[in-house]
Amino acid sequence: MARIILATTGSVAAVRAPDLCSALVAAGHRVEVVATEPSLYFYRPADLPAGTPVHRDADEWPGEGYARGDDVLHIELRRRAELLVVAPLDANTLAKFALGLCDNLLTCLYRAWDFARPVVLAPAMNTLMWDKPATSRHLAQIWSDAAGREIPADWSLATAEDHFTREGSVILVPPQSKRLACGDVGMGAMSEVVGIAEAVRAWSERSAPAP
C-alpha cells in the first residue's frame, strides 16, 4: 500500500480527520499527518489511530537554531510520501496553494511537491466562500500549475472536476451540498470520508504494478 500524507487545514470539516485517517490506515496505507495549527482546533492528535505521526509547524525548525546538515522537514516528507491528501482544504490554504505562498509546514510541502506524484484535494468552506470567483480562479491556477498547461477557456466551478479528472496529477474531490456547520444550506461541505477514501483507492489501483 501507499505512503500517504494526510494534511488538515482550518475548516470545521477537520473534525472528520480522525475518521479519514482511520479509513486510510484500515485500507493498509501508512499515514502521516501534517496539521496546520488552525485545524487542531477541531480535533486532537490523540483521536487519530495509535502511532500516527503528526507534524506541526513548530516541527519544521526545532531546537535553538539551524545547523548545517539538519533535515528540512517539508523536503523529507515530500521524499517519503507517494500521495498527498489535503482534507479538508479550506479557502485560505486553497488561495495559498494557488498563489505559491509558503508560510507554514503544509504550504512549504505543497510548494516543494513533485507533481509526478498525485495530490488529492477535498475543499470545504461556506457556500458563499465556495461561490466566490476567487475559488474558481484558484482551482484553475492549481490545475494549470500541475498540468503544465494554460487554463482552458471553458473553465468554471461546474467544469473544474472534469478538467482535473482528464488531465494532471491533482485529483479534485468536490464538496457537497448540505446543511453546513454554520447553519447555512448549500454547496461547500467536504465530501464524505468514503468518497475521499475511494479517490485514494482508485489511485492506488491505477498505480499498482501490473501482475
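Exactly which trypsin sites (Lys or Arg not before Pro) in the stretch 103-211 are in a DSSP loop and have at most 16 other Cβ atoms within 10 Å?
149
Volume per residue, Å³, of the convex hull around the alpha-carbon atoms of the chain?
133
Sorted from largest down, what three extents in whole angstroms do the Cα atoms of the stretch 12-132 have along their principal axes?
46, 35, 31
Which residues among the stretch 1-23 fall inside the zone where the amide N is under 16 Å from a point 7 Å beyond the Cα of residue 114, along Cα→Cβ?
3-5, by backbone N distance to the label point.
Tally Lys and Arg at +1 and Asp and Glu at -1 over the other residues with C-beta under 11 Å from the C-beta of residue 8: what net charge comes out? Don't jump to the answer; show the numbers that get you there.
Details: positive: 16, 56; negative: 37, 90.
Local charge sum for residue 8: 0.
Per 0.36 nm of contour for each residue apart, how much would the distance between residue 169 and residue 128 grow if the chain were fully extended, relative to their Cα-Cα spacing?
The span from residue 169 to residue 128 would gain 12.0 nm if fully extended.
Set the Förster distance to 30 Å, then compute FRET efficiency between residue 162 and residue 44 from the Cβ-Cβ distance, nearest 0.05. Numbers along the way, then the final one.
Details: r = 38 Å, r/R0 = 1.25.
Rounded to the nearest 0.05, the efficiency is 0.20.
May I have the extent of the alpha carbons of the stretch 141-211 along their three principal axes, as whole Å values ordered from largest to smallest?
47, 35, 15
Under 8 Å for C-alpha pairs, at least 6 residues apart: give me the relative contact order for the chain, rounded to a whole percent.
21
Check residue 34: other-chain or 5+ apart residues with amide H under 5 Å from its amide H, H built from backbone geometry?
Excluding prolines and chain starts, which carry no amide H, the hits are 6, 7, 8, 55.
If I model a spin label as a point 7 Å beyond the Cα along the Cα-Cβ vector, how far apart are those points for residue 176 and residue 198 in nm?
Simple spin-label model gives 0.9 nm for this pair.
Since every read-out is calculated from the coordinates, none of them should be taken as a lab result. None of the values given here were measured: they were computed from a predicted structure. When we count neighbours, we look across all protein chains shown, and the Cβ atoms used for this are built from the backbone with ideal geometry, even at glycine.
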